[in-house]
1. Just to be sure I understand the filter: pairs with C-beta atoms under 7 Å, separated by 6 or more residues or on different chains, first member in the range 215-228 and free of Cβ contacts under 8 Å to residues at least 12 places away in the same chain, second member part of a helix (DSSP H, G or I) and surrounded by 11 or more Cβ atoms within 10 Å (Cβ to Cβ). Which pairs pass?
2. I need a count of the residues in the range 251-289 that are without any contact (Cβ under 8 Å) to a residue 24 or more places away in the chain and either in contact with a helix residue (DSSP H, G or I) (Cβ under 8 Å, 6 or more places away or on another chain) or closer than 26 Å to THR364 by Cβ (or both).
3. What residue, among those in the range 309-343 that are under 20 Å from LEU265 (Cα atoms) and of a type outside the set (A, V, I, L, M, F, W, C), is surrounded by the fewest Cβ atoms within 10 Å (Cβ to Cβ)?
4. I need the full set of residues from the range 47-65 which are out of contact with any Pro (no Cβ under 6 Å at 6 or more places or on another chain) and either small (Gly, Ala, Ser) or on the phi > 0 side of the Ramachandran plot (or both), in order please.
5. Is there any pair linking a residue in the range 55-73 that is in the same structural domain as LEU393 (by TED's automatic domain parsing) and more than 14 Å from TYR40 (Cα to Cα) to one that is among the acidic types (Asp, Glu) and part of a helix (DSSP H, G or I), with Cβ under 8 Å and at least six apart or on different chains, and which?
6. Just to be sure before I move on: is LEU346 in the same structural domain as PRO114 (by TED's automatic domain parsing) and surrounded by 15 or more Cβ atoms within 10 Å (Cβ to Cβ) in the structure I sent?
7. Would you check if VAL245 is of a type outside the set (Asp, Glu), over 17 Å from ALA299 (Cα atoms) and not assigned by TED's automatic domain parsing to the domain that holds PRO348?
Amino acid sequence: MHKPSGNNVGRVSNPPPEMAGKIPALHQPVRVVMLSHGYYPRIGGAERQLAAVAPLLQARGVEIHILTRRLPGTKPLERLNGIPIYRLPVPGPKSLASLTFTLAALALIKRLDPDLIHAHELISPATTAVFAKKLFGKPIVATPHRSGAIGDVLRLKSRLLGKARLRVLSREVNAFCVISKVIDEELAAEGVPVQKRVLIPNGVDVEQFVPLASSKRAALRSRLRLPKDAQVVTFVGRLAPEKQVDHLVGIWASLRKTLPQAILLILGSGPEEDKLKAMADDGILFLGEQLDVTPYLQASDLFVLPSKAEGLSVALLEAMACGLPVIASSVGGSPEVIRHMETGWLVPPGNPIALSEAIVTLLTDEKLRHKLRRKARIHVANNYSLVKMADRLCDLYSQVIEQNRRKI
């Protein structure tokens with residue numbers, strides 16, 4: 001296996017050097033099949049990012065087809081925002097489900113005859129894409145969405161023949177769309193060449209996620225039935241162990257002794273939901289999954305993300321675009337977005353005391369909140385615009401397709 005040199009670790013290309021400057025963006029329409037484990041009505045960060053960027057790609061001449069797993073109560077084929085969503089069967093135990101998904105996806109890919117396949121996650125979507133490349137000659141872009149212990153690289157390495165599968169992906173994937181430097185370092189450590197690693201972080205619609213004037217914010221709180229004078233802290237995300245929402249719920253009762261007006265909004269669902277509700281005291285509202293989190297972010301005073309592992313949180317970017325001061329664990333892509341005490345506040349992962357102190361500090365320091373609010377909005381608008389990310393994806397698709405054609 002190829003070992004990266006030290007100066008390759010953490011480096012990203014944008015675009016890869018051998019592709020740069022050779023191909024103008026999308027002179028003609030291209031067809032892209034996206035493979036993703038989940039999609040609406042499953043609402044996670046990766047799913048929301050894909051749903052947000054797909055219409056922008058379509059508007060730029062990329063014909064998008066999304067292949068995903070069929071959830072109970074969903075149709076085999078439907079269109080959402082003009083994008084066809086093919087929901088493929090996943091019956092029985094995990095191994096049978098993966099095989100069935102792959103076979104159904106390959107048959108559909110053959111019929112759709114795309115110019116490129118974009119696999120989201122390095123498990124079955126990327127494996128399916130490699131089979132499609134071998135069978136039909138389709139180039140592949142792959143996006144790992146998470147890092148660390150729950151990330152794509154370590155999850156794959158822990159599976160049967162995982163290291164061998166990573167070597168195959170390193171060889172066969174034409175370009176890895178890297179959403180954070182931490183993921184880039186993980187790929188580099190597995191021998192993925194630097195010219196295949198392209199930094200395109202998650203993006204946010206900075207026209208939808210905007211700060212509100214205080215008068216409009218008060219009216220919004222009234223519509224959402226939130227107390228006018230409450231100090232509103234919000235979490236948005238899947239209620240899974242890696243998010244460590246139990247730390248947030250666990251500190252709330254003692255925190256309210258200092259700040260009795262503080263209330264915690266928890267937006268999302270997941271396997272930890274029942275446990276968290278059983279732990280919860282007064283001042284915590286569970287609002288479930290929300291198709292549009294914008295009004296809750298705009299009505300809040302503070303956003304908190306206490307995860308022990310992340311890729312690059314879409315919810316974090318959305319909160320910052322809304323001009324919310326944010327507190328996040330220093331994991332995954334969060335330290336790349338947040339400059340401590342400049343664009344947000346970083347805390348060590350798994351440290352409820354530091355988390356509580358950060359919340360109390362920001363809720364009692366209006367001047368600091370105002371500074372973080374203003375700089376967070378500017379930073380995200382300048383560096384994480386969804387429109388810019390869609391343009392960069394279009395460029396990458398064009399370059400990979402053209403490079404593949406030259407090899408044929």
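The values are calculated or read from the model by the stated rules, or taken from the named source; none is laboratory data. As the structure is a computational prediction, the values presented were derived from the model and not from experiment. Cβ atoms come from the backbone with ideal geometry, glycine included; neighbour counts cover every protein chain shown.
1. LYS228/ALA218; LYS228/ARG221
2. So the count comes out to 5.
3. Result: GLY323.
4. Selection gives ALA51, ALA52, ALA54, ALA59.
5. Filtered contacts from the range 55-73: ARG60/ASP391.
6. Against the criterion (in the same structural domain as PRO114 (by TED's automatic domain parsing) and surrounded by 15 or more Cβ atoms within 10 Å (Cβ to Cβ)), LEU346 does not qualify.
7. no
Residue-wise test of (1) crowded, with 21+ Cβ neighbours inside 10 Å; (2) aromatic (Phe, Trp, Tyr).
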residue: VAL173; (1), (2): yes, no
residue: PHE176; (1), (2): yes, yes
residue: ILE179; (1), (2): yes, no
residue: GLU185; (1), (2): no, no
residue: ALA188; (1), (2): yes, no
residue: PRO193; (1), (2): no, no
residue: LEU199; (1), (2): no, no
residue: ASN202; (1), (2): yes, no
residue: GLU207; (1), (2): no, no
